[in-house]
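To start, the structure under review is shown below, and the notes come after it.
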Amino acid sequence: MTAPLDRASLLARLAAPQTWDLAIIGGGATGLGVALDAVARGFSVVLLEAEDFAKGTSSRATKLVHGGVRYLAQGNVALVREALVERSTLLANAPHLAQRLPFVVPTYRRWEQPFYGIGLKLYDALAGARGLGPTEWLSARRTAELLPTVMRQGLAGGVRYWDGQFDDARLAVALARTAAARGALLLNHMPVVGLRREAGRVTGLAAQDGESGRRFDVGARCVINATGVWVDAVRDMDRDAGMPARAPMVAPSQGVHLVVDRAFLPGTHALMVPKTSDGRVLFAVPWLGKTLLGTTDTPRGDLALEPAPFTAEVDFILGEAARYLVRAPTRTDVRSVWVGLRPLVKPPGDEGNDAEGGEGRAHTKSLSREHTVVVGRSGLVTVTGGKWTTYRAMAEDVLDRAMERGLLARRPAGATTRLPLLGAAPGRPLGEPPGEHGYGSEADLLRSLPGATHWLWRDAETGRGGLSEAMVRFAARHEMARTVEDVLARRCRLLFLDAREAARQAAPVAALLSEELGQTVGAEAFVELAARYATVP
């Protein structure tokens, strides 16, 4: 059983004079993975996040734990093999938040079934004993049984294969809590406002509490910049006055997702379109009682905290869905629309920095969808890129690079290979509505809290799952939730499932949080945010 996490005590630890082994800026997948790996190796660790854990890209994935079938088509076998190993590790360490999921590729041309089937059989072979299920060729009839709403005109057959699915934001919170339980200090709503530099070396950072405005000076032997698409802003803190800004590492690309009712894709199987009309991949995935449609890949020039979708992106997703679903979803059917920014990497080559990519430690020569680690002359370690599936391997790579440069003492890797996250216990499929199954072994602790049977919201379409008063209390006491958004966007995923319903729950959640935190928590900002998620351009 975990003890409540009191923010006042966490702030007192941050204020205490100490030089940490590792200070991490950024509480997304990468930063949290580094924090857990480092504390598991015995390092002292502090992690500061400006907003909330997984506020940015790390809560806006397509919810898939995968080896990357498209990388196989590119011939990048080593990368696929690594991702398949990490897929197996993630599913084993967080079975309450990640499970296997069957996918069906419907085929409408005779050549498609053997073409995709052979490729997916190779995918199985690379997974070996870690495979989640065999790839199968399906008849047209069987394909329609597994995908009841698939377009049947011209349907020739299909291919079924298996991959993984997870709840990204709740996995991030589980990583944070597991690291904290092992002694790491993690604080959300604590933006870093500067770096401490001595004789050209980074020796710590300055932070300011987002709630009180109180400033903190934090000393560290090694500072990790793990801020995703915002890494360049932190790198700009690491330069002398009068020096020009560095060339940016990141070229952001946005991915849009639409959420519609379960009725558009009933059943337990996801639909995968391996090649859309413009050559992209499209998924329709059952997730928490709804259907998730996505995604896009559109260059974007700005770094908005809440990026908005472009009209053409919504047109693309709805248009492609109409080609494969008997009942075509329209804009009025969309319950929520949300956007994530991918940090596509273009590492610098003119600063005396070492750049290593996630593709077999090769130097990245073009925009990369895999991770890149850069250690600057000052000792600032910057990591960006990559994907959720390989977060643990990325963390090991970051620490290995820091040790190679003498920023940390050498300690062996592998500490997180078999490290169950808090709550680890077999879970129910994520296609079902949100509910107690996401709490795993902590479900009894949840049920012991006031309001365990008082439901604020139940899923109307299925009549199961939802948000209870106890879940809000659990989020405040054990999951470091500080705002209505923290609860309704990332502890419970209601904002991502049904934005209008999330807005209706803002006031009761704010009242409960105010009671739990002993301070007034407002709902107005969240209602405005929910309106944006409900607006389909």
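The values are calculated or read from the model by the stated rules, or taken from the named source; none is laboratory data. Keep in mind the model is a prediction, meaning the values are calculated, not measured. Note: ideal-geometry Cβ built from the backbone for every residue, glycine included; neighbour counts use all protein chains shown. Note: accessible area is taken over every heavy atom of the protein model, side chains too, but ligands, DNA and RNA are not part of it. Shrake-Rupley method; radii C 1.70, N 1.55, O 1.52, S 1.80 Å.
In terms of solvent-accessible area of protein heavy atoms at a 1.4 angstrom probe, what is the ranking of VAL281, VAL192, VAL381, highest value first?
Putting VAL281, VAL192, VAL381 in descending order of accessible area: VAL281, VAL192, VAL381.
Would you mind telling me the share, in percent, of accessible area of the chain contributed by carbon and sulfur at probe 1.4 angstrom?
53
For the chain, give the magnitude of the charge dipole about the Cα centre (Cβ charges: +1 Lys/Arg, -1 Asp/Glu; no others), in debye to the nearest 20.
Dipole about the Cα centre, nearest 20: 1100 debye.
Using the Kirkwood formula over every pair of different C-alpha atoms, what hydrodynamic radius in Å results for region 230-296?
So the Kirkwood estimate lands at 15.2 Å.
Under a 1.4 angstrom probe, counting protein chains only, how are SER139, SER514 ranked by accessible area, largest first?
SER139, SER514
Find how much the distance from GLU136 to ALA233 grows on full extension, using 0.36 nm per residue of separation minus their present alpha carbon separation; answer in nm with one decimal.
That pair, GLU136 and ALA233, stretches by 30.2 nm at full extension.
Could you tally the net charge around ARG262, taking each other residue with its Cβ under 13 Å from the Cβ of ARG262, Lys/Arg +1 and Asp/Glu -1?
Charge balance in the 13 Å sphere: -2.
Can you give the Kirkwood hydrodynamic radius of region 138-286 from its Cα pairs, in Å with one decimal?
When all Cα pairs of region 138-286 are included, the Kirkwood radius is 20.6 Å.
List the residues of region 446-469 whose backbone N lies under 17 Å from a point placed 7 Å from the Cα of ALA507 along the Cα-to-Cβ direction.
Those under the cut-off are 456-457.
What is the distance in Å between the Cα centres of region 266-318 and region 441-467?
Cα centroid to Cα centroid, the span is 29 Å.
When the Kirkwood radius is taken over all Cα pairs of region 1-80, what Stokes-Einstein diffusion coefficient follows at 10 °C and 1.306 mPa s, in µm²/s?
Value of D from the Cα-based Kirkwood radius: 102 µm²/s.
Mind jotting down the distance between the C-alpha centroids of region 2-22 and region 385-411, whole Å?
Using only Cα atoms, the two centres lie 24 Å from each other.
With r defined as the distance between the Cβ atoms of ARG201 and LYS121 and R0 fixed at 51 Å, what FRET efficiency is calculated, to the nearest 0.05?
It comes out at approximately 0.45.
Of the options TRP455, GLN505, THR417, report the single residue whose Cα projects farthest towards the positive end of the charge dipole of region 391-537 (beta-carbon charges: Lys, Arg +1; Asp, Glu -1).
Highest projection toward the positive end goes to THR417.
Under a plain spin-label model, where a point goes 7 Å from the Cα along Cα-to-Cβ, how far apart in nm are ALA531 and GLN519?
According to this spin-label approximation, the distance is 2.6 nm.
Under the rule of at least 5 residues apart or a separate chain, name every residue whose amide H is placed under 5 Å from the amide H of VAL65.
GLY164, GLN165, PHE166
Could you grab the relative contact order for region 200-260? Cα pairs under 8 Å, six or more apart, rounded to a whole percent.
Dividing the mean separation by the residue count of region 200-260 yields 23 percent.
Over the chain, give the accessible area per residue in Å² for a 1.4 Å probe, as an integer.
Value returned for the chain: 37 Å² of accessible area per residue.
Within the chain, which is the longest segment that contains none of the GluC sites (Glu not before Pro) sitting in a DSSP loop with at most 15 other Cβ atoms within 10 Å?
It runs 1-210.
Return one quarter of the surface area of the convex hull spanned by the alpha-carbon atoms of the chain, equal to its mean projected area, in nm².
Value for the chain: 23.1 nm².
Given R₀ = 30 Å, FRET efficiency for ARG70-ARG246 by Cβ-Cβ distance, to 0.05?
Computed FRET efficiency for ARG70 and ARG246 comes out at 0.45.
Can you give the relative contact order of the chain as a percent, counting alpha carbon pairs under 8 Å and 6+ residues apart?
So the answer I get is 18 percent.
Mind checking which lysines have their Cα closer than 30 Å to the Cα of LYS121? Skip sequence neighbours fewer than 8 apart in that chain.
Partners within reach: LYS63, LYS275, LYS290, LYS387.
For region 407-537, calculate the relative contact order in percent as a whole number, restricting contacts to Cα pairs under 8 Å that are 6 or more residues apart.
Once normalised by length, the contact order is 17 percent.
Please find the FRET efficiency linking THR453 to ALA308, where r is the Cβ-Cβ separation and R0 is fixed at 30 Å, and quote it to the nearest 0.05.
Given R0 = 30 Å and the Cβ-Cβ separation, E is 0.20.
I'd like to know which of LEU318, THR389, VAL104 lies farthest towards the positive end of the charge dipole of the chain, counting +1 on Cβ of Lys and Arg and -1 on Cβ of Asp and Glu.
Farthest along the dipole direction, towards plus: VAL104.
Give me the distance between the Cα centres of region 475-537 and region 145-171, rounded to whole Å.
With region 475-537 and region 145-171 each reduced to a Cα centre, they are spaced 31 Å.
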